[in-house]
Amino acid sequence: MTKHVIDKDDTTVEERRTFLLFDIAGQMARGVVVGGTVFFGPVLFIYAVYLLGTLLPEESKEAQDPTPDSFIAASQDGS
C-alpha cells in the first residue's frame, strides 16, 4: 500500500512522511476497532443474556430442575 508513494521519484520527503503518518494512524485505528470488538463483544453478549434473564417471570426462576439426576448419571459413567 505504501509502495506506490515511496517508490515515486517526484514525491518530496514531506509528502512521504505525511503519507506514512496517515497510513500508520489508519492501521492503529483499525487495531483499536478490532481490539474493542474482541473485548467488548463478549461483554455485551453476556450482558444481553443477563437482560433476557431479567425478563423471565419469577416462576420460571423458582421451578424445579427438569433433569435432577443428570449429574448423578454423568458421575457413574466415569466422566
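Tabulated values for the structure
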item: Tally of residues being in a loop (DSSP other than H, G, I, E, B) and at pLDDT below 80 across segment 27-63; result: 1
item: Which numbered condition residue 9 fails, given (1) outside any helix (DSSP H, G or I); (2) at pLDDT 95 or above; (3) not polar (S, T, N, Q); result: (2)
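The values are calculated or read from the model by the stated rules, or taken from the named source; none is laboratory data. Please read all numbers here as calculations on a predicted model, not as lab measurements.
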